[in-house]
Amino acid sequence: DSGVTQTPKHLITATGQRVTLRCSPRSGDLSVYWYQQSLDQGLQFLIQYYNGEERAKGNILERFSAQQFPDLHSELNLSSLELGDSALYFCASSVDHYLHEQFFGPGTRLTVL
Amino acid sequence: AQKITQTQPGMFVQEKEAVTLDCTYDTSDQSYGLFWYKQPSSGEMIFLIYQGSYDEQNATEGRYSLNFQKARKSANLVISASQLGDSAMYFCAMREGRSGGANSKLTFGKGITLSVRP
């Protein structure tokens, strides 16, 4: 158990819908990272937050947005969902942005039908 | 160009033997970090080992060691005394740039599947 929690574990929804994925980092970790893992794209970095502020953006679609709240939990919002958004979404956390290990949550498996 | 290259096809190893999983990387930064993660069939990503670009000694964590050859830009993972539970996908990843800032993301390779035979 990495100490990073993600909910829900599985999510099945339809095209055009909007979903919210939630992540709670390890106690004491200020940085949260979101990654998407799909068969064709592999593991890709989406976005990073550090202590409530956006620090870095990767290949995140405009239909996707994220935020980190004062209690440091983070949410990833995916809207106007398409079939290709089906993937495993990971949240990871680290102590601060001076990175050594990033500890990953169990992931949320999103299926868009 | 790919920043992390893992080209081995599925790897097989006999239980209790050692196995090396290859990883090469590409960066122009002087400061970077290399990571290995394990992803079993259950899907979670498990951190295994870390090597910093300025670390003079190869990293070791229990049965895992990282064979870091900076000039060749390779960071191979060595698993000694393989166990059945080592069967999983293994990912090599890199963090580039100075510690912190916008370069804290990890860039992953495509992964290698390891199967341990009894």
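Bear in mind that the values in this text are calculations on the coordinates, not laboratory data. No experiment lies behind these values; they were computed from the predicted model shown. Cβ sites come from the backbone with ideal geometry, for glycine too, and all protein chains shown count toward neighbours.
A compact table of results
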{"quantity": "Value of relative contact order over chain B, rounded to a whole percent, pairs C-alpha under 8 Å and six or more apart", "calculated": "36 percent"}
{"quantity": "Cubic angstrom per residue, convex hull over Cα atoms of the protein assembly as shown", "calculated": "124 Å³"}
{"quantity": "Cα Rg, Dmax (largest Cα-Cα span) when computed across chain A, Å", "calculated": "13.1, 39"}
{"quantity": "Chain B - Rg over Rh from alpha carbon coordinates, Kirkwood radius", "calculated": "0.96"}
{"quantity": "Loop chymotrypsin sites (Phe, Trp or Tyr not before Pro), region B:40-113, which have at most 14 other Cβ atoms in a 10 Å radius of their Cβ (DSSP)", "calculated": "B:Y54"}
{"quantity": "24 Å Cα-Cα threshold exceeded, pairs from B:K16/B:K38; A:K57/B:K70; A:K57/B:K3; B:K38/B:K110", "calculated": "A:K57/B:K70"}
{"quantity": "Packing-based exposure ordering (other Cβ within 10 Å, fewest first) of A:V4, B:V19", "calculated": "B:V19, A:V4"}
{"quantity": "Separation in nanometres of the label points that stand 7 Å from Cα toward Cβ, at A:T13 and B:L84", "calculated": "4.0 nm"}
{"quantity": "Hydrodynamic radius (Kirkwood) for region B:1-50, which is based on Cα pairs only, to one decimal in Å", "calculated": "13.4 Å"}
{"quantity": "Of B:A71, B:A93, B:A59, the one that fluctuates the most in a GNM where chain B has Cα springs shorter than 10 Å", "calculated": "B:A71"}
